[in-house]
Amino acid sequence: MNASTVTPEPAEAAPADQRAALYAWFATLYARELSEAQLQTWFSGAAEPLFDVLAQAGFAAEVQDMQGAINALRDLPDAQLELAADYTMCFLLDVKSSALPYASCYLGEHKTLFGPEEKAMREKLERYGLGLDSNYPEAADHLAIQLELLSWLAMTGKALDEQELVASLLRWVPEFSQKCQTIVTQVAFYPALSRMLCRLLQEESAALTDLSPQN
Amino acid sequence: MTQNSRRVFLKGLSLATVAALVSPSLLLSRESEAKAAAVTGSGTDWKITGSHWGAIRARVAGGKVVEIKAFEFDKYPTEMIQGIIGLIYSPSRIRYPMVRLDWLKNGHKSDTTQRGDNRFVRVTWDQALDLFYSELERVQTSYGPWAMHTGLVGWRQTGQFHTCGNHMLRAMNMHGHTISTAGDYSTGAGQVILPYVLGSTEVYSQGTSWEVILKESKTVIFWASDPVKNLQVGWNCETHESFAYLEQLKNKIAKKEIRVISIDPVKSKTQNYLGCEKQYVNPLTDVALMMGLAHTLYTEKLHDQQFLDAYTLGFEKFLPYLLGQGADKTAKTPEWAEKICGVKAQQIRELARLMASGRTQLIFGWAVQRQQHGEQPYWMGAVLAAMLGQIGLPGGGISYAHHYSSIGVPSSGAAMPGSFPLNLDPGKKPKYTNTDYKGYSPMIPCARAIDALLEPGKVIDYNGQKVKLPPYKMAIYSGCNQWHRQQDRNRMKKAFHRLETVVAVDYTWTATCRFADIVLPACTQFERNDIDAYGSYSGRGVIAMQKLVDPLFSSKTDFEIFRGLTQRFGRDKEYSRNMDEMQWLAFLYENCRKENGSKFPMPPFKEFWAKGFVLFPAGKPWVRHADFREDAEINALGTPSGFIEIFSRKIASYNYADCPGHPVWMEKSERSHGGPNSKRFPLWMQSAHPDKRLHSQMCDSEPMRATYAIQGREPLFMSPEDARQRGIKHGDLVRVFNDRGQALVGAHVSSDFPKGVVRLQEGAWYGPTGPEIGALDTYGDPNTMTQDIGTSSLAQAISANTCVVEVEKYKGKAPAVTAFGGPTEVMPK
Amino acid sequence: MKKIWIWLRNLFCKPAAKIGLGVLVTVGFIAGILAWQGFNAGMAATNTEEFCVSCHTMHQNQEELKETVHWSNRSGVRAQCSDCHVPHDFTDKMARKIQASVEVWSHLTGKIDTPEKFEANRARLAQNEWDRFKANGSKECRTCHDYNSMDFEKMRETSREAMRGAAERNQSCVDCHQGIAHKKPEKTDARNPAFDGLIQAAGNESVKVGGTYFNVYPRELYLDEAMSKVAGKLEVGAPVKVLQEKGDAQQVEVSAWRKSKGFGRVWYGHFAKNITVATLEKAVAQDKQLVKIAESKEDPNTGLIWQKSSATFWIKKGEVVASTDPIWSVAKDSYKNSCSVCHKQPDEAHFDANTWPGLFGGMVGFTSMDKDTQGLVLKYLQNNSSDFKKPSH
């Protein structure tokens, strides 16, 4: 289970490092809109190896949607803007029009920003001695920050904490993902991404339940 | 997933595969010494601040507002202060500067029919302000001042320095001339008619002190006035001192020491609180009832002829109309009135006799002037008061504002702090000095803002002048929810197609922001330092508004936003006078301190700021118009003659059919209870000021809304009888509609409401299902159904209360609420 | 690879970033003390200092003096109590001592025997001294500060013209320079300092008999040249025709309109426009000898009869100007500053002269304008209303 044993630059990373990388990838995509440069990287096929791996791992449908989205964007005159507008529609407007990427908007008595979930995240970060990038003026329960933490937990071998955070995310990511599917977007990129994240977390959680000593 | 390795395992995944696709982490390792405060901010701290809802102390822990309690001085705090946390952390907050995608691509040539349902993109502050500025340049250079509309400010967040309208207007004034507005949405008819009649707006004037009323009045008439509901909020930081007097009034009623009658179709919150008497009247027919009362006073010789002779002009010109010797040959007898207003003739007579039998204080609310011919009830009220002859006597006469901002609490007399200047500094000129309005009026009556877009160049009458409506191309809304206060949403939708560029500055995603092209996130007043008057009229003190938390997300203060804008044309130093927030506060405070001198001693700013407030002693009880009564020559009224004008030659000279020279009863364009259009739409819909919001403010506070919404929708109050007839039960989803619009709302069945009357409180957020004309409003904004017509050629004010509707039980799948963030558990039954 | 990964993720490379919590920065206000740019000629030191402070309730006064340039300056010349407060001329000195005995008496009888009581009487005592300085042309000051020895070119630009004018008129120093040696009493109903500028401008006005001038400050109208019998009040901005000047007094003719209803006490500047120029005592208004009526006509807007009336009165000299411009300029500033606190102030020409009083009266309560400024601003608005001007845009 402890996957953090460092082997000298393997072609195939250790499972925990893989998870760390994958969560970081999600975090990147949820943190901000893709810049023109980032989008060009995608257009240049940089994501293809990852897509191949993900497709083989059982996310073929989501990968297909995301690839389709990238291909569709290639033909659009304002590709970056269109994808940015998709990002905005999905995550940046108010809670009714968007799937807000904050745990507090799904959990707790009142679905406000900066709810108890946000406080819990801050406390958690503090326990790990982690801080937030001050250039990222966001609430700590933002999905991207939670995924960053998940990535860090995987990378630093805090397996139990990692499991705990996966479970915590699963309390609201399914609703979040479902909401994403209802938003009218130009391309299916973000809805597919959210489905993929949700399934990934669910698979992970299911596996862990099976592996747990009680079973 | 593979069977043997259940955990996520990605065959062939190397870190290099992902590396190119990820950005640096958002997390940072933190040095141990920075640990304690930086993330959770473990400290806990009580701060003081003010609001429309009163002064509060707020506990801030971990950089978050966690608890609110009323300031100790406030003995009657409103429950709405508990909505403040929900307002700060509302999931409807605007978090980043946004631009409508199509506008970003095509600028002023964008497809404006998509407004309200268009895609937005996040931009940086620099991008947003650059775009804003380049539009100002474009409009000033390619059209001129007639194309830029800036008179769009409203019930800003409180605070004298950050008052958002001033920031917007100062920045705009530095750039060029613009179209501004006259009047407002609350008292539009009253503030225009009353200067002709009583010589002052009255609606915003200090009134006779409550303690005088309590001592001297034998009878108090609340005419369409609901102070217990409306005194919860104030223009500045509210003190709620009036409630102490209302409590005494309640006790006097219980002991039968005073008679208090509420003339209102609805059993108001005030009536329920006071336990006073109720006089029902048919909606919109108050003038008919007043005529009946006046007729009784005159024919039974209960009127004060001496007062009329000494202090008024034109009674003799009004009399023929009252007695049926005028053109209409109709005597305004109680019997005549009964048919219109639904009050028995005998009751009218008794009411008139009661009023004349002793000291009677008339207290009007603003609702009756927010209707077609809204000038008339106020004018006729003044005529009634003049006939009773008690104007200027303690506990007698007429008031138009005892429900507003603690009017009736004596003024301390102390000077209150000034505000951030909206004007250019002396000697300064705007960047564009062009004042060529191409023949259009540079000012429009505010309620005609949509007419200007739909009927460009139309010449309308307004208060004795002609106004040529300018078809402005760009509008800037600052802390102003135009899509709440203006009437007739579907008409607005059409009009907004004609605007090239709309900029909205706000802290929350109001409908106005949804219909804008550039949306700029201001922070809330709880995220900035400020000072405010404590008690708009009582002048009870000055309150420090200590910042509770830093601006959330990318939001900024209005000061920073517009300083950034003026920086783009090199005038930011002039804009800010090179002072920062705290320097401004010290400046405004010290000026106020200087003005108050030794008469109202104030500590130096630093000391004041630490303590959080300075209070002044109570003022002396006061009687409105007593000086006029004492010496009408020296203390002449501000009317053309200096006297109370029962007949106004000046108004008569305008030759307005809808506002002649003396008050008259006129039928409305539509009216329930047998009036026009009542067969198709039998229910009168009143859009009263809300009980648990301030206009549209705090509608986005989810915890607060949870206390009154029905199935996530705005409640529609209706009578048990109307509900029964339509098969509606309390809590049902219902559709309220007329030819102008439709909304999905929750039925709140209450015996406070008579048959034929429904209430949908104004300020409910607009959330249509789509951009199409006629789309169903999913939350319940009454202005989806109200009509956008002027009160008359005189005031051209709003006529929101002249509105009839029908209501039906909603069947089928209810669309989700799109007005704002809110509960998602709404499911159709 | 993992190292590169970690580097990319940047976890341990960046320094800790502090998450900003609101830091309240209070900025103390430093009151600037305006240096008295005096001309210190030689001053004779006397030895009466201890005497004054021992008997008079004046420790505090002396402490205040010590803060000023009259005590400590680069030339080392110091003014003591008696330099300013005791006339240097023997006769005047004795007269002043007799007057001062009242103050000593006050001290002995406990009227002003504590700092608090002094503070309460400060304004009155200061006024006594100002009156005395006014009467003797600030004689004591001029022992040191002599107009004849002033080199105006060496003065600051902002002071030069004011001083030159004062010298020409041989004006008393304390007319302008008050509160220079002791704390200036806080006036309970302090007038808008902008009026001071107007009064100063009026002082500079060279009035010609027969000309029409405008009053700069609301004040008394008198029936007699001795200015002992009050006839009423002359409003700010009111036009008067100067008939003659005698001593401190000016005889003026006021001609205006009044309503026939009532006693005709209130006089207005224009027919059927409620712009007050004067209010008279009841008996004065009814005095047919004094008040001449030239014509009568009906105001079509109200039906009231208006009478064109005129009368002659006496006023104090030196408080009129030849043009309303400086008066309205002061008013305009007050209007723009005070009335933009809550909303954008309407254009002056947005309403007519008779509508302004009602609107202004309804709103002025929100401002901190004193009564005189209110009157000034209202008259400005009325005189610049739509009756006289087209809207400015």
Legend entry - Enumeration of residues in region B:642-692 that are open to solvent by 20 Å² or more (accessible area, probe 1.4 Å) and among the basic types (Lys, Arg): B:649, B:679, B:680, B:692
Legend entry - Test for residue A:173: is it of a type outside the set (D, E, K, R) and more than 12 Å from every other protein chain (Cβ to nearest Cβ): yes
Inset, instruction - Tell me, yes or no, whether region B:424-439 has at least one residue that is under 28 Å from residue B:162 (Cα atoms), surrounded by 24 or more Cβ atoms within 10 Å (Cβ to Cβ) and either more than 12 Å from chain C (Cβ to nearest Cβ) or touching a Gly at 6+ places or on another chain (Cβ under 9 Å) (or both). - result: no
Inset, instruction - Can you give me the number of residues within region B:751-774 that are surrounded by 23 or more Cβ atoms within 10 Å (Cβ to Cβ) and polar (S, T, N, Q)? - result: 1
Inset, instruction - Evaluate the following for residue C:237: is it assigned to a loop (DSSP other than H, G, I, E, B) and either modelled with pLDDT of 95 or more or surrounded by 16 or more Cβ atoms within 10 Å (Cβ to Cβ) (or both)? - result: yes
Legend entry - Selection count where residues are among the basic types (Lys, Arg) and touching a Gly at 6+ places or on another chain (Cβ under 8 Å), scope region C:318-365: 1
Inset, instruction - Please indicate, with yes or no, whether at least one residue in region C:331-338 is among the aliphatic types (A, V, I, L, M), part of a helix (DSSP H, G or I) and outside the structural domain of residue C:270 (by TED's automatic domain parsing). - result: yes
Inset, instruction - Kindly establish whether residue B:795 is farther than 27 Å from residue B:455 by Cα, out of contact with any His (no Cβ under 6 Å at 6 or more places or on another chain) and in a loop (DSSP other than H, G, I, E, B). - result: no
Inset, instruction - Go through region A:147-170 residue by residue and tally those that are more than 17 Å from the chain's Cα centre (by Cα), within 12 Å of another protein chain (Cβ to nearest Cβ) and part of a helix (DSSP H, G or I). - result: 1
Inset, instruction - Sort out which residues of region A:170-188 are charged (D, E, K, R) and closer than 18 Å to residue A:145 by Cβ, and write them in order of number. - result: A:171
Legend entry - Residue, modelled with the lowest pLDDT, within region C:205-228, restricted to residues that are surrounded by 14 or more Cβ atoms within 10 Å (Cβ to Cβ) and in a loop (DSSP other than H, G, I, E, B): C:205
Inset, instruction - May I ask you to list pairs of residues, at least six apart or on different chains, whose Cβ atoms are under 6 Å apart, with the first in region A:118-146 being facing chain B (nearest Cβ under 7 Å) and the second being of a type in the set (Ser, Thr, Tyr) and assigned to a helix (DSSP H, G or I)? - result: A:144/A:30
Legend entry - Members of region B:560-618 found to be assigned to a loop (DSSP other than H, G, I, E, B) and open to solvent by less than 20 Å² (accessible area, probe 1.4 Å), listed by number: B:597, B:602, B:612, B:616
Inset, instruction - For residues that are among the aromatic types (Phe, Trp, Tyr) and touching a residue at least 40 places away in the same chain (Cβ under 8 Å), scanning just region A:39-87, find the one that is nearest to residue A:203 (Cα to Cα). - result: A:59
Legend entry - Which numbered condition residue B:154 misses (of (1) within 11 Å of chain C (Cβ to nearest Cβ); (2) surrounded by 23 or more Cβ atoms within 10 Å (Cβ to Cβ)): (2)
Legend entry - Where a residue in region B:712-729 is farther than 26 Å from residue B:766 by Cα and its partner, wherever it lies, is polar (S, T, N, Q), with Cβ under 9 Å and at least six apart: B:720/B:750; B:720/B:751
Legend entry - Counted residues, region A:190-207 - those being away from chain B (no Cβ under 12 Å) and more than 13 Å from the chain's Cα centre (by Cα): 0
Inset, instruction - Please find, within region C:334-384, the residue that is nearest to residue B:414 (Cα to Cα) out of those that are more than 10 Å from every other protein chain (Cβ to nearest Cβ), surrounded by fewer than 22 Cβ atoms within 10 Å (Cβ to Cβ) and not aliphatic (A, V, I, L, M). - result: C:371
Inset, instruction - Being buried (at least 24 other Cβ atoms within 10 Å of the Cβ) and on the phi > 0 side of the Ramachandran plot is the filter; apply it to region B:406-423 and report the residue that is nearest to the chain's Cα centre (by Cα). - result: B:406
Inset, instruction - Take the residues in region B:493-522 that are in a helix (DSSP H, G or I) and free of Cβ contacts under 8 Å to residues at least 60 places away in the same chain, then tell me which one is surrounded by the fewest Cβ atoms within 10 Å (Cβ to Cβ). - result: B:495
Inset, instruction - Would you confirm whether any residue within region B:787-800 is at pLDDT 95 or above, touching a strand residue (DSSP E or B) at 6+ places or on another chain (Cβ under 9 Å) and of a type in the set (D, E, K, R)? - result: no
Inset, instruction - Give the residue, chosen from A:177, A:151, A:168, A:194, that is more than 25 Å from residue A:69 (Cβ to Cβ) and either polar (S, T, N, Q) or in contact with a His (Cβ under 6 Å, 6 or more places away or on another chain) (or both). - result: A:168
Legend entry - region B:616-641, residues that are within 9 Å of another protein chain (Cβ to nearest Cβ), of a type in the set (Gly, Ala, Ser) and within 31 Å of the chain's Cα centre (by Cα): B:638
Legend entry - Selection from region C:246-267 of residues that are open to solvent by less than 50 Å² (accessible area, probe 1.4 Å) and in contact (Cβ under 8 Å) with a residue 24 or more places away in the chain: C:249, C:250, C:251, C:252, C:254, C:256, C:257, C:258, C:259, C:264, C:265, C:267
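The values are calculated or read from the model by the stated rules, or taken from the named source; none is laboratory data. Remember, predicted model here, so these are calculated numbers, not experimental data. Neighbour counts run over all protein chains shown; Cβ positions are idealised from the backbone, glycine included. Just so you know, the surface numbers come from the protein's heavy atoms only, side chains and all, with ligands and any DNA or RNA stripped out. Shrake-Rupley method; radii C 1.70, N 1.55, O 1.52, S 1.80 Å.
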